[in-house]
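Working notes, structure below.
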Amino acid sequence: MFGDAFSGGRKNTGRQSGRGSDLRYNMEISLTQAFKGDKAKIRVPASVQCKDCKGIGSKNGVAPETCNACNGHGKVRAQQGFFTIERTCPTCQGSGQVIKESCSVCKGSGRIQKQKTLSVNIPSGVEDGTRIRLSGEGEAGLNGSPPGDLYIFITISPHYIFQRDNANIYCRVPIPFTSASLGGHVEVPTVDGGRAKITIPAGTQSGFQFRLKSKGMSILRSKERGDMFVEALVETPVNLSKRQKEILKEFEDEGKNEKNNPETEGFFSKVRDLWEDLKD
Ligand SMILES: [Zn+2]
Ligand SMILES: [Zn+2]
């Protein structure tokens, strides 16, 4: 600090010069939008360069004059005891330049606050947490410096039917126990807005996953799609009528055959073994 700072280094880089700040914009989109891609219009608060002074901050944009107090160095020297102290010029705040008359439109800041509408291209297959950069759409720079960038942070809102895991889509579909037992069909929605028919084989268990190839999510910069997994959720019937109960009772009496419920039989034979072991 006590050396000769005036040789070399930064000189007269202008009044508070600098690139504008980057801005962040949070955007929440639906899974359908993420699947198809979309063009969204957003309104962002942004400071833009003042047209009247071209961002310089002076009346009519006249060039700032060299500061007389520091001769444009931005620093002044003062003798203090044995030392020569350098400090930032109080007249120009270190910029080396002064503006005699401020621009009345922006009050000398060189920028004005505005809202601007931007079109954002959301690519098909976009992932949650993706950052889209709009170059030069950030805050305006000072003194005609380049503007910052605008970063759009994409969040995909949870869907009420589908869960996404990268390129794959998962959903759980309740299946009546009669269809699960006898076999049947079920129609499920797909993320592209269509429908897919699933054949339920007789004896389908809860938790079984059907895989629908290429019915999943779109993939960024690709024509391919992930898969869709449909998990069967066999529903136990409730609110039975008297007649239904009778039929089921009859069904139960009929089915003393252990082959009807191999899982149950298998489990309880293990339980019997366990209890036998505990006796010893
Ligand atoms: Zn000065
Ligand atoms: Zn201005």
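Here are a few things to note about the model shown:
- With the largest listed first and rounded to whole Å, the semi-axes of the equivalent ellipsoid of the range 163-268 from the Cα gyration tensor are 35, 15, 10.
- Shape call, the range 144-211: gyration tensor on alpha carbons, a/c limit 1.5: prolate
- Portion, in percent, of the accessible area of the chain that falls on carbon or sulfur, probe 1.4 Å: 50
- Ellipsoid semi-axes for the range 83-207, based on the Cα gyration tensor and the rule √(5λ), read 64, 16, 10 Å when sorted largest first.
- Here, P(r) means the percent of Cα pairs in each 5 Å bin from 0 to the largest distance; for the chain it is 1, 5, 8, 9, 8, 7, 7, 7, 6, 6, 6, 5, 4, 4, 4, 3, 3, 3, 3, 2, 1, 0, 0.
- Applying a 4.7 Å Cβ-Cβ cutoff to the chain leaves CYS171 as cysteine residues with no disulfide-compatible partner.
- In the chain, excluding the sites themselves, the longest stretch lacking any of the chymotrypsin sites (Phe, Trp or Tyr not before Pro) that are in a DSSP loop with at most 10 other Cβ atoms within 10 Å is 161-280.
- Heavy-atom SASA rank of VAL186, VAL126 (probe 1.4 Å, accessible area, largest first): VAL186, VAL126
- Take every Cα pair under 8 Å whose residues are at least 6 apart in sequence, average their separation, divide by the length of the range 147-199, and the relative contact order is 20 percent.
- Acute angle (nearest 10 degrees) that the helix 262-279 long axis makes with the longest principal axis of the chain, alpha-carbon atoms: 90
- Summary: within the chain, the longest segment free of GluC sites (Glu not before Pro) located in DSSP loops with at most 11 other C-beta atoms within 10 Å is 102-223.
- Pairs of lysines in the range 140-280 whose Cα atoms sit within less than 20 Å of one another amount to 9, provided the residues are eight or more positions apart or on different chains.
- Accessible area in square angstrom per residue, the range 92-194, 1.4 angstrom probe: 53
- Take every pair of alpha-carbon atoms less than 8 Å apart whose residues are at least six positions apart; their mean separation over the length of the range 163-268 yields a relative contact order of 28 percent.
- The mean sequence separation of alpha-carbon pairs under 8 Å and at least six residues apart, normalised by the residue count of the range 28-179, gives a relative contact order of 31 percent.
- Positive dipole terminus of the chain, leading residue within CYS70, LEU134, GLY207 (C-beta point charges): CYS70
The values are calculated or read from the model by the stated rules, or taken from the named source; none is laboratory data. Note that the structure is predicted; figures quoted are calculated from it, not measured. All Cβ positions, glycine included, derive from the backbone under ideal geometry; neighbour counts span all protein chains shown. For accessibility, only protein heavy atoms count, side chains too; no ligands or nucleic acids. Shrake-Rupley method; radii C 1.70, N 1.55, O 1.52, S 1.80 Å.
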